[in-house]
1. Quick check on this structure: which one of 311, 307 is open to solvent by less than 50 Å² (accessible area, probe 1.4 Å), within 30 Å of residue 235 (Cα to Cα) and in a strand (DSSP E or B)?
2. Give the residue that is most open to solvent (accessible area, probe 1.4 Å), with candidates limited to residues of region 64-95 that are among the basic types (Lys, Arg), in contact with a strand residue (DSSP E or B) (Cβ under 7 Å, 6 or more places away or on another chain) and in a loop (DSSP other than H, G, I, E, B).
3. Only one of 213, 262, 236, 224 is basic (Lys, Arg), more than 30 Å from residue 71 (Cα to Cα) and surrounded by 15 or more Cβ atoms within 10 Å (Cβ to Cβ). Can you tell me which?
4. Could you please give the count of residues in region 109-127 that are among the polar types (S, T, N, Q), open to solvent by less than 10 Å² (accessible area, probe 1.4 Å) and farther than 16 Å from residue 59 by Cα?
5. Which one of these does residue 326 not meet: (1) in contact with a Ser or Thr (Cβ under 9 Å, 6 or more places away or on another chain); (2) within 21 Å of residue 125 (Cβ to Cβ); (3) of a type in the set (Asp, Glu)?
6. Checking residue 328 against (1) more than 17 Å from the chain's Cα centre (by Cα); (2) closer than 25 Å to residue 112 by Cβ, which test does it fail?
7. Being assigned to a strand (DSSP E or B), open to solvent by 10 Å² or more (accessible area, probe 1.4 Å) and touching a residue at least 40 places away in the same chain (Cβ under 8 Å) is the filter; apply it to region 161-202 and report the residue that is nearest to residue 325 (Cα to Cα).
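The values are calculated or read from the model by the stated rules, or taken from the named source; none is laboratory data. Not measured: the values here are computed from a predicted model. Here the Cβ positions follow ideal geometry from the backbone for every residue, glycine too, while neighbour counts run over all protein chains shown. These area figures cover heavy atoms from the full protein model, side chains too; ligands, DNA and RNA do not enter into them. Shrake-Rupley method; radii C 1.70, N 1.55, O 1.52, S 1.80 Å.
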Amino acid sequence: MRNPNDLNAINRRNLLHFAGAGATALTLASLANIPFAEAKKMPNGADNFYTSDKVDLQKVTFDTQYRMKVAGNLFTPKGLDRNARTPAIVVGHPMGAVKEQSANLYATKMAEQGFVAMSIDLPFWGESDGQPRNAVAPDLYAEAFSAAVDFLGTRPFVDRERIGGIGVCGSGGFLVSAAKIDPRLKAIATVSMYDMGAVTRNGYNKSQTLEQRKAMLAQAAQQRYQEFTTGEQIFRNYLPMQLPADADPVTRMYHDFYRTERGMHVPEGRTPELTQNRTLAGEIKFVNFYPFNDIETISPRPMLFIAGDQAHSREFSEDAYARAVEPKELFWVRGANHVDLYDRMDLIPWDKLQSFFTRHLSA
């Protein structure tokens, strides 16, 4: 078995090799001492790493049906009556992120409102099992939500008939995918949702042609040969450590969160530049992912879609809402972009989430 440190070194070399001249100039020494705050001003209300003295936190692990360990942070209200049955919520992080990015914040805030709430790392990410790291496996991501219900529903202080879910960004699609086949998820809320299948197939606003998709698949197929013969992953580096001068607005938005002190978190055993990044050979697994097919079968369980009215990703919440049937609601946050709803406490509609789950997870 290859030493994990050797793998990290290999992955670092691959990343720098495929990132282009700008990234190759970024030395390993500079990566170890990233200059965070000097170039960026924290957006108003941004508090991704928010903690609360009103809740207790316990680190937990549990198995999926595939015997993969999922890591979670279990948040419970201070003074929780453990002889009572309390409603619970599982929270999934943005695609390519980990539970410390956005998911912990949502779980903490919901626990403040009296819910048992648990953030999870999806398989292959953060502290959860899965090799190779950063792998794309949407079916296993959806399974993690059901496994979280297994865990929560067997806690003596949780009412297994009152378990809901929140999916942020890509986890919104994975949560919907899970809910279609797991009726134990009684209420579904998504925030800044991505349909990772649609965006991989079609690009934003259907800007990618079929021929471009086929070219992407052909490139990925050739890279599989290289990865197979060398045993080394080829990372895309679509979110570089140093922001290119000609970066598009979406890349800049993500960079402001994931590559600054605002939201950067490096899991143990990983390197900063490998956070977020994925391989093309892995990414194309999303081409076969259709989370909104049969979304209407989730009814009569309620669904709430929350998105910023300035978000580049709003098309996915609109699509899901159009396909879903009652009870459903599409809630726009005025002035918010996609990432604003990751951590901006002044924009995230906490009251809306509280009222939704209080109503639909009532005894």
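1. Answer to the selection: 307.
2. By that ranking, first place goes to 85.
3. One residue alone meets the criteria, 213.
4. Counting residues in region 109-127 that are among the polar types (S, T, N, Q), open to solvent by less than 10 Å² (accessible area, probe 1.4 Å) and farther than 16 Å from residue 59 by Cα gives 0.
5. (2)
6. With (1) more than 17 Å from the chain's Cα centre (by Cα); (2) closer than 25 Å to residue 112 by Cβ applied to residue 328, the lone miss is (2).
7. 186
Let's see how each residue does on (1) at pLDDT 95 or above; (2) of a type in the set (Lys, Arg); (3) out of contact with any Gly (no Cβ under 9 Å at 6 or more places or on another chain); (4) not in a helix (DSSP H, G or I):
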| site | (1), (2), (3), (4) |
| --- | --- |
| 98 | yes, no, no, yes |
| 119 | yes, no, no, yes |
| 146 | yes, no, yes, no |
| 156 | yes, no, yes, yes |
